[in-house]
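Novice: Dropping the structure in here first, questions after.
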Amino acid sequence: MGELNKNIILIGMPGSEKITIGKILSKKLGFKFIDTNEDADKSSSKLPNASSGQCSIISTEVDTLKKCFSIKENGVVIFIDKPVEKIIEDEEVLNNRTLLKAEIHNLKEHFHEKYKSYKNCCDLHLINNNNINEIVYYICSLWS
């Protein structure tokens, strides 16, 4: 990819493990980690420009990404695509309960509503079938 002086911007559905992947990547690559969903102040301000040589791993939603900054100038956008069925499975295991039909419907609706946007604005599309280590290894290999 040859984009060593760019931020890595992770996008994807809630539950796609963007934050987990981002935190691991930040440690391995020595980048700062920013979760725009965690800190509303950061999502409303301009996110870091990597030309200073200080790169960041940024986890964000597509809507925030479009509002905040020019994605091609500030980073390489990686779509972490976790199938909605796997997100539902993980949610049920994590919460130790079966999701209600309405919750499942809402998740699937949100997924289908956002999927095209994720695909359209990403530079790299990676499928997460609970293979976080493989995803991290692959992204690190692009930056080394």
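The numbers here are math on the coordinates, done by the rules we state, and not lab data. Just so we're clear, the structure is a prediction, and the values are computed from it rather than from any experiment. Counting neighbours? That spans all protein chains shown, and the Cβs are built from the backbone with ideal geometry, glycine included.
Novice: Would you please put 101-107, 120-126, 22-28 in order of how densely packed they are, using the mean number of other Cβ atoms within 10 angstrom per residue and starting with the highest?
Specialist: So the peptides 101-107, 120-126, 22-28, ranked by packing, come out 22-28, 120-126, 101-107.
Novice: Among the listed pairs Lys27/Lys86; Lys32/Lys86; Lys82/Lys116; Lys28/Lys86; Lys6/Lys32, give every one whose C-alpha distance is greater than 19 Å.
Specialist: In this structure, Lys27/Lys86; Lys32/Lys86; Lys28/Lys86 lie more than 19 Å apart at Cα.
Novice: How many nm is it between the label spots at Lys119 and Cys140, if each spot is 7 Å from the Cα in line with the beta carbon?
Specialist: Result for the modelled spin labels: 3.1 nm.
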